[in-house]
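One structure is given here, and the rest of the page talks about it.
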């Protein structure tokens, strides 16, 4: 070593070991603060891919590589990862849910329901979600709004087997009207005003912009048994069934019927005449 005169001052340097990657405190996450902390330790800042974070504001430092506390050689490179903010949220698939269910699922995903839009969808019952905007699996920022598209379809009630007047009343209660009524020749019922077909079928979905259904009535009637009835009563029974009573000119209303043609339980066309004999 070098010789010095007696009494000369000597400076002693004590090694602190290798520099250590600095900690990231809550108040030391700005790029400028982190850069200064790295330089104080002789390290070189290196840009690294950003990372999503729910807690660290966009642009602040999320993490360092190597991690804080790691001892490195003097002048080593340290990768700095900046926050990209919260991770994007995928819009959940809520098709087939009612509004309340869909809203809960969307809220749980970190999004909000911006509004509900109603429109007709031929495959989705009324009050049910059939789509969202943006579409499901689209990525949004946390807290963004989603539009629910909800079907306003009207479900056609089952009126087959009802008399026409009853069917019209039930359809009206559902918000539907009858666009046309026809006779179905091959269909048989107890009365000619019995609904035997409907279009759309029961359970079918109707656009409220054109809320109409068509009905088919029985084309044939099963002849009721009126033997033993008074002529007056038989006339009313046949009229209710959509048939016509044909009597001799001398028959009185109180006379009793002892024969009828066609016979009971025979199928005849709606409006057909039933010939009777009475005494």
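Only one of 186, 239 is surrounded by fewer than 19 Cβ atoms within 10 Å (Cβ to Cβ), more than 30 Å from residue 122 (Cα to Cα) and free of Cβ contacts under 8 Å to residues at least 24 places away in the same chain. Can you tell me which? Show your work before the answer.
On the way: 186 fails: free of Cβ contacts under 8 Å to residues at least 24 places away in the same chain.
Result: 239 is the single residue among 186, 239 that is surrounded by fewer than 19 Cβ atoms within 10 Å (Cβ to Cβ), more than 30 Å from residue 122 (Cα to Cα) and free of Cβ contacts under 8 Å to residues at least 24 places away in the same chain.
Go through the stretch 260-279 and report how many residues are surrounded by 12 or more Cβ atoms within 10 Å (Cβ to Cβ), without any contact (Cβ under 8 Å) to a residue 40 or more places away in the chain and closer than 19 Å to residue 230 by Cβ.
Qualifying residue count, the stretch 260-279: 5.
For the stretch 148-181, which residues satisfy the criterion of being under 28 Å from residue 89 (Cα atoms) and surrounded by fewer than 14 Cβ atoms within 10 Å (Cβ to Cβ)? Step through it out loud before you land on a result.
Keep residues of the stretch 148-181 that are under 28 Å from residue 89 (Cα atoms), which gives 148-151.
None; the set is empty.
Using the structure shown, decide if residue 222 is over 16 Å from residue 254 (Cα atoms), free of Cβ contacts under 8 Å to residues at least 24 places away in the same chain, in contact with a strand residue (DSSP E or B) (Cβ under 9 Å, 6 or more places away or on another chain) and surrounded by fewer than 21 Cβ atoms within 10 Å (Cβ to Cβ). Full working, then the answer.
Working: over 16 Å from residue 254 (Cα atoms): yes; free of Cβ contacts under 8 Å to residues at least 24 places away in the same chain: no; in contact with a strand residue (DSSP E or B) (Cβ under 9 Å, 6 or more places away or on another chain): yes; surrounded by fewer than 21 Cβ atoms within 10 Å (Cβ to Cβ): yes.
No.
I need the full set of residues from the stretch 248-259 which are surrounded by 13 or more Cβ atoms within 10 Å (Cβ to Cβ) and at pLDDT 95 or above, in order please.
255, 256, 257 - these are the residues of the stretch 248-259 that are surrounded by 13 or more Cβ atoms within 10 Å (Cβ to Cβ) and at pLDDT 95 or above.
Answer yes or no as to whether residue 233 is surrounded by fewer than 16 Cβ atoms within 10 Å (Cβ to Cβ), at pLDDT below 95 and outside the structural domain of residue 162 (by TED's automatic domain parsing). Full working, then the answer.
On the way: surrounded by fewer than 16 Cβ atoms within 10 Å (Cβ to Cβ): yes; at pLDDT below 95: no; outside the structural domain of residue 162 (by TED's automatic domain parsing): yes.
Considered against the rule, which asks whether it is surrounded by fewer than 16 Cβ atoms within 10 Å (Cβ to Cβ), at pLDDT below 95 and outside the structural domain of residue 162 (by TED's automatic domain parsing), residue 233 comes out as no.
The values are calculated or read from the model by the stated rules, or taken from the named source; none is laboratory data. The shown structure was predicted, so the numbers you read here are calculated from the model rather than taken from an experiment. Positions of Cβ are generated from backbone atoms using ideal geometry, with glycine treated the same way; all protein chains shown enter the neighbour counts.
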